[in-house]
Amino acid sequence: MVILILLLALYFARVPILRSLYGFLNVTHEPERVYDYGLVLGGEALDRPAAAAEWYQKGKVKKIICTGGQVPRPLAAMNIMVTEAETAFNRLLTLGVPEEDIIVITEATSTREEADAVNNYIASAGGNSLLIITTQTHSRRARAVFREYATHIEIIDAWGVSPTHYEARYWWKSEHGFLAVFEEYVKTVYYWVAY
């Protein structure tokens with residue numbers, strides 16, 4: 001009987017529980033300051049650059065760094081060997097960001113490698129504040145990795161872009177949403193263990 005009551009309670013509380021799983025991953029908040037750099041992480045070259053361009057045009061970031069050394073699979077299939085960072089760079093140009101305010105770093109292929117590469121760049125170029133622009137589900141892990149490993153940057157915040165191919169409030173009803181949340185929890189555990 002106790003198990004049945006517990007199962008019924010979980011069933012009726014499923015929506016708040018599922019929403020909290022998403023909410024835990026999403027640490028985004030409205031930028032309250034001007035950052036020396038906005039960082040477009042590799043892995044998504046459509047919505048992340050658009051958000052970065054918006055923050056640049058609003059005067060919230062002075063320059064934009066694009067990272068990502070992998071060539072997106074659809075581009076590779078068409079023999080267009082352009083990295084994620086270069087793809088984001090091109091998207092930013094089409095959105096009106098001047099070329100001189102975009103930095104491209106192509107050697108990183110993971111969030112940890114991106115943290116090292118950006119840390120090294122800022123250590124030599126100067127600056128002390130960074131707004132990481134990524135997806136909402138990636139924002140917690142990205143911010144944690146950069147705060148731990150990007151030791152030359154004093155202020156590190158994250159802006160998570162809202163998903164455009166699924167409804168965040170009902171992420172479990174979409175294959176894209178389910179995979180985004182599930183994969184991020186797996187990667188979070190991996191980062192806890194590996195680093």
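Derivation of every value follows stated rules applied to the coordinates shown; laboratory data play no part. All of these numbers come straight from a predicted model, not from anything done at the bench. Backbone-built Cβ (ideal geometry, glycine too); neighbour counts: all protein chains shown.
From the phi of every residue in the stretch 92-97, what ³J(HN,Hα) in whole Hz does the Karplus formula 6.51 cos²θ - 1.76 cosθ + 1.60 yield, where θ is phi - 60° and glycine or proline is x?
Taking θ as phi minus 60°, the curve returns 4, 4, 5, 8, x, 7 Hz for the stretch 92-97.
With the cut-off at 1.5 for a/c, could you classify the stretch 124-195 from its C-alpha gyration tensor as rounded, prolate or oblate?
Oblate is the answer for the stretch 124-195, as a/c is 1.5 or above yet b/c matches or exceeds a/b.
Rounded, prolate or oblate for the stretch 19-137? Axes are the square roots of the Cα gyration tensor eigenvalues, ordered a ≥ b ≥ c, and the cut-off for rounded is a/c under 1.5.
Because its axes are fairly even, with a/c under 1.5, the stretch 19-137 counts as rounded.
Note the angle between two axes, namely the Cα long axis of helix 175-194 and the longest principal axis of the Cα atoms of the chain, as a number of degrees from 0 to 90, rounded to the nearest 10.
80 degrees
Roughly how far apart, in whole Å, are the Cα centres of the stretch 176-192 and the stretch 123-147?
Each part reduced to its Cα centre gives a spacing of 18 Å.
Taking other Cβ within 10 Å of each residue's Cβ, how do W159, W192, W171, W55 sort, fewest first?
Listing W159, W192, W171, W55 from fewest to most nearby Cβ atoms yields W192, W55, W171, W159.
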